[in-house]
Each structure stands twice: as structure tokens, then as C-alpha cells.
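The values are calculated or read from the model by the stated rules, or taken from the named source; none is laboratory data. Treat the numbers as computed from the prediction; the structure is a model and nothing was measured. With ideal geometry, Cβ positions are generated from the backbone for all residues, glycine too; neighbour counts draw on all protein chains shown.
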Amino acid sequence: MKTRKFDVIVLGSGVAGGHVATRCHKAGLSVALVESHGFGGTCPLHGCEPKKVMADAAETVERFNNASGSGPVGSAKLDWVELMRFKRTFTDDLPDKIQKHYEKLGIHTFTAAGIFAGPNTIVSGNSRLEASHICIATGSTPRELHIPGSSLLSSSNDFLAMPTLPERIAFIGGGFIAFEMAHIAAAAGAHVTIVHRSQRFLKKFDADLVKRLAEHLEKMGVKFYQNCPPHSIEKDGSALVLKAGEDGSQSFAADAIFNAAGRIPNLADLDLPTGNIDTHKGGVAVNACMQSLSNPSVFAAGDVIAETMPLTPVASVEAEVVAKNIIEGPIHEISKDVTPFALFTYPPLAGVGMLEEEAHEQGLGFDVIHGDSAGWSEYQRIGQQCAGFKLLVDKETRQLLGAHVLGDAAEETINLFALAMRKKVDVDELRSMLWAYPSFGYAIKYMFR
């Protein structure tokens with residue numbers, strides 16, 4: 001086996017890995033980029049981007065139908081086959097384009113899975129690669145459910161590639177994946193069930209707004225079951241049956257059942273012990289420089305770190321820190337910045353900062369400003385009846401501790417609140433700012449009335 005030497009080896013070509021590879025190459029370092037699951041990674045191929053294409057189509061249908069009685073006539077529906085065709089225009093030729101882009105830059109690409117063969121060595125197919133620095137950016141993978149019949153389960157990747165829409169769909173889980181895909185399927189006309197092992201759905205989001213969203217989805221036909229851990233999957237003719245509950249006494253029949261129980265760092269096939277790489281809570285154990293605690297030649301970024309927020313913007317920031325530390329030496333530390341996040345159902349739900357219960361647990365003095373915003377003209381104009389907000393305001397500084405928004409443009413409004421928190425703008429200044437009108441940005445003023 002021929003040995004090829006590089007300055008940097010990057011495992012994974014997603015948002016994090018691609019950024020590290022590009023930055024290091026532009027700094028004059030020789031780079032090997034190893035990717036065995038399609039260049040571009042999860043986000044553009046099987047995650048954020050194709051999901052948003054489908055979610056936007058579902059939103060378009062709902063917004064049209066919500067406008068009944070305000071001028072538009074008729075009704076809209078989703079054509080699943082056409083939606084899949086349109087979605088593929090964003091994804092099908094992307095891996096080849098991205099790989100060719102890296103090769104044109106002068107980055108060496110390898111398509112066989114990368115496995116550690118030593119602290120500074122990776123084997124990819126018939127190639128043995130050595131480097132002074134290695135970056136692990138292989139992302140995440142669905143959490144396996146160790147229950148009888150689990151091989152009958154489908155994944156989120158399968159959902160995003162379904163050629164036809166099953167009549168009955170069940171999702172195991174109560175997080176981002178379950179809610180976003182359940183919404184798309186319900187908007188397309190499927191009978192949808194969400195079966196969750198515990199009481200609380202969407203734990204990162206405000207519980208009151210989650211309840212409001214769940215009630216809205218119920219009106220769309222989505223059925224929710226809580227405290228129902230999955231027990232087994234069985235085949236019943238052409239259908240599948242999910243047995244749930246501690247004793248498997250509850251049964252849910254469906255034509256397709258999706259494992260939406262979350263994702264974990266994608267590290268199982270890398271042989272980390274051979275690379276002298278320690279893990280923590282299932283992810284690569286790193287210091288503030290994103291450097292392995294046990295092997296200083298190795299860095300990591302993105303979802304391979306268990307305690308990081310599994311979000312594309314976070315992976316991008318971590319990747320920049322890794323790139324700087326490889327190029328200049330390990331002197332740059334990751335900053336714990338304010339991080340907004342959003343759930344792309346319709347309406348969307350978004351949050352930033354603390355939850356109300358977290359602020360109470362820390363013994364902070366704060367005011368809670370909350371309300372139902374469905375009566376505001378911004379929402380009445382578009383027929384949106386599911387909208388609300390909750391703001392946590394520090395009693396002393398009058399700055400936001402947390403902000404949570406449900407309704408159209410929530411993902412944009414939350415960016416404004418995140419900016420205010422990052423720049424320590426107090427709520428009195430927020431209230432007095434001039435905003436374009438009428439707009440959802442201007443509606444921030446209403447929250448403080």
C-alpha cells in the first residue's frame with residue numbers, strides 16, 4: 001500500500017470539513033479530503049437544504065389555504081411526485097459538483113471510508129495517508145434503536161427520498177426530525193402519528209409554545225402519543241406495526257415507520273482507539289481549541305462533538321477555529337456565543353438563550369413577557385391562528401436572557417433577538433428602535449406593550 005503524505009487530512013466534506021479543507025489549502029497547506037457518503041455532507045444532501053425545500057412547499061400550500069375568505073379562491077395541495085422531482089434538482093448532481101470543485105482547487109479527494117491506522121495515519125481504500133494534522137468532521141448518524149424488528153425502520157434520509165407518499169406514517173421520537181417531517185407529511189395528506197418515549201416534546205424549545213404548536217398540528221391530523229417507549233416492530237402483511245409502551249401493549253399500524261429518535265456522532269467506523277483519540281459522551285473529547293485531549297495532532301468540528309449544538313452555523317464557527325489553529329498553532333479558542341435555532345414546521349418555532357425553567361434553576365431574577373400574537377394584523381392578514389411569544393428579561397440589566405417565538409418569520413425574528421443579546425441591547429432600546437412597517441420586525445414592539 002502506497003503512503004501519501006499531506007499537511008492536513010480532513011475526514012468529512014460537510015460544512016465543517018469542507019471549510020477546514022478549503023481554508024488550509026488557501027493557506028498553502030497540502031490537503032487530503034476523505035468522504036465516502038457523498039461530497040457536501042448531510043446538510044445539503046440529506047438534511048437542512050432538501051428538508052427546507054419540502055417544508056417551504058408545505059408552507060406555500062398552507063398559506064394559500066389559510067387565505068380562504070380573503071380573496072384567493074380554490075384550494076392547494078401537494079403533489080408528492082412533483083415535490084420529489086423539484087427537491088432532486090437541489091441534490092442529485094451536488095456531490096459530483098462539490099468533489100470537482102475541491103479537485104479544481106488542488107485539494108486531493110478520496111472516496112473510500114477513512115479509518116485510523118495510527119495517531120497521524122488514515123487508510124482510505126488502497127491509500128495510506130499521513131499528515132501532521134487530522135480533522136474529524138464526519139458529522140452525525142441516526143441513533144440506532146435496539147429493539148426487535150428495528151431493521152424494518154426507515155430513516156430521515158429515506159423520508160427525503162420517498163418516490164411516493166405512504167398513506168399512514170409513524171415517527172418514533174419527539175424532536176426536530178419527527179416534528180418537521182411529520183408536518184410535511186401531514187400537509188401532503190398522510191395520516192401521521194408521533195410516538196415519543198417521554199412526556200416532553202422538543203426539549204430545547206419553550207414548553208408552552210411547543211404545546212401550542214402540537215395543538216395546531218393535531219388540527220392537521222397529526223396524532224401524538226407520549227410516554228410510549230418503542231418496544232418492537234412487526235410486519236403485518238404489507239403494513240408495519242409499532243409496539244410501544246414498557247410492555248409493548250400499545251400498537252400503531254403504519255405503512256412506513258421512521259426512526260426519528262435523534263442523531264449521534266458518526267464515529268463508530270473510524271477506529272478512534274488506534275488513533276489514540278479519547279471520547280466524551282460519545283463524541284470526540286476536545287479542549288477549547290477544538291483539539292483532541294489525547295492526540296494533539298487531531299482536531300474535531302461539528303456534530304462529532306457530543307456537547308456541541310448540532311447546528312450548521314455552529315459547525316461552521318467551530319471549523320473556522322480548527323482551521324486557524326492548524327494554520328497558526330493552537331492559540332484560538334471557541335467562544336460560547338449566543339446561538340439561535342429554529343424548527344421549520346409551519347408555523348415555524350424558534351428560540352435563543354435560556355428556557356424559563358433554566359433561568360429558575362439558576363436562581364435568576366427575571367420578568368416573563370408572553371402572549372398570543374395570532375390577533376395581530378401581521379398574522380390576521382395571512383390567516384395564521386397559531387402564533388405566540390415568550391421573552392425572559394433580567395430584572396437588573398433589562399437585557400434578554402431568552403427569547404422564544406412561534407409564528408410566521410419566527411426564524412428571522414429570533415435572529416434580531418440573538419443580535420440584541422449578543423450586543424447586550426436592553427429591551428427598552430429594542431422597544432424604541434425604528435423598524436420598517438408593517439413587518440414582523442416591527443411586531444417586536446408589540447411584545448413589550
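Some values worked out for this structure:
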| read-out | value |
| --- | --- |
| Strands (runs of 3 or more DSSP E) fully within the range 124-209 counting 1 or more residues that are over 21 Å from the mean Cα position of the chain (by Cα), free of Cβ contacts under 8 Å to residues at least 60 places away in the same chain and not assigned by TED's automatic domain parsing to the domain that holds Asn276 | 191-195 |
| Residue in the range 250-258 that is out of contact with any Asp or Glu (no Cβ under 6 Å at 6 or more places or on another chain), on the phi < 0 side of the Ramachandran plot, outside any strand (DSSP E or B) and modelled with pLDDT of 95 or more present | no |
| Residue in the range 241-248 that is more than 30 Å from His196 (Cα to Cα), part of a strand (DSSP E or B), among the aliphatic types (A, V, I, L, M) and in contact with a strand residue (DSSP E or B) (Cβ under 9 Å, 6 or more places away or on another chain) present | no |
| Checklist (1) at pLDDT 95 or above; (2) on the phi > 0 side of the Ramachandran plot; (3) of a type in the set (D, E, K, R) applied to Lys324, failing item | (2) |
| Pairs where the first residue, in the range 69-96, is closer than 19 Å to Thr42 by Cβ and assigned by TED's automatic domain parsing to the domain that holds Gly14 and the second is exposed (fewer than 14 other Cβ atoms within 10 Å of the Cβ) and not aromatic (Phe, Trp, Tyr), C-beta under 7 Å, 6+ apart | Met84/Pro163 |
| Matching residues, the range 27-52, being surrounded by fewer than 19 Cβ atoms within 10 Å (Cβ to Cβ), under 22 Å from Val314 (Cα atoms) and out of contact with any Ser or Thr (no Cβ under 8 Å at 6 or more places or on another chain) | Lys52 |
| Residue that is nearest to Asp367 (Cα to Cα), among those in the range 420-437 that are of a type in the set (D, E, K, R) and assigned to a loop (DSSP other than H, G, I, E, B) | Lys424 |
| Residue tally, condition within 19 Å of Val8 (Cβ to Cβ) and buried (at least 21 other Cβ atoms within 10 Å of the Cβ), over the range 292-312 | 8 |
| Test: residue in the range 362-379 that is touching a residue at least 12 places away in the same chain (Cβ under 8 Å), of a type outside the set (Lys, Arg), surrounded by 15 or more Cβ atoms within 10 Å (Cβ to Cβ) and in contact with a Ser or Thr (Cβ under 9 Å, 6 or more places away or on another chain) | yes |
| Any hit, the range 305-313, residues being at pLDDT 95 or above, assigned by TED's automatic domain parsing to the domain that holds Gly125 and either part of a helix (DSSP H, G or I) or in contact with a strand residue (DSSP E or B) (Cβ under 6 Å, 6 or more places away or on another chain) (or both) | yes |
| Residue match in the range 297-314 (condition: without any contact (Cβ under 8 Å) to a residue 40 or more places away in the chain and either of a type in the set (Lys, Arg) or farther than 30 Å from His183 by Cα (or both)) | no |
| Selection within the range 362-405 - in contact with a His (Cβ under 9 Å, 6 or more places away or on another chain), outside any loop (DSSP other than H, G, I, E, B) and farther than 16 Å from Arg449 by Cβ | Phe366, Leu392, His404 |
| Which numbered condition Glu320 fails, given (1) of a type in the set (Asp, Glu); (2) touching a His at 6+ places or on another chain (Cβ under 7 Å); (3) closer than 28 Å to Ala57 by Cβ | (3) |
| Failed criterion for Asn276 (all others in (1) farther than 27 Å from Thr345 by Cα; (2) assigned by TED's automatic domain parsing to the domain that holds Ile194 hold) | (2) |
| Hits in the range 41-94 - residues which are more than 24 Å from the chain's Cα centre (by Cα) and among the aromatic types (Phe, Trp, Tyr) | Phe64 |
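Listed here are the residues, each with its yes/no results for (1) at pLDDT below 95; (2) under 16 Å from Gly302 (Cα atoms).
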{"site": "Val15", "(1), (2)": "no, yes"}
{"site": "Gly18", "(1), (2)": "no, yes"}
{"site": "Ala21", "(1), (2)": "no, yes"}
{"site": "Thr42", "(1), (2)": "yes, yes"}
{"site": "Glu49", "(1), (2)": "no, no"}
{"site": "Met54", "(1), (2)": "no, no"}
{"site": "Val61", "(1), (2)": "no, no"}
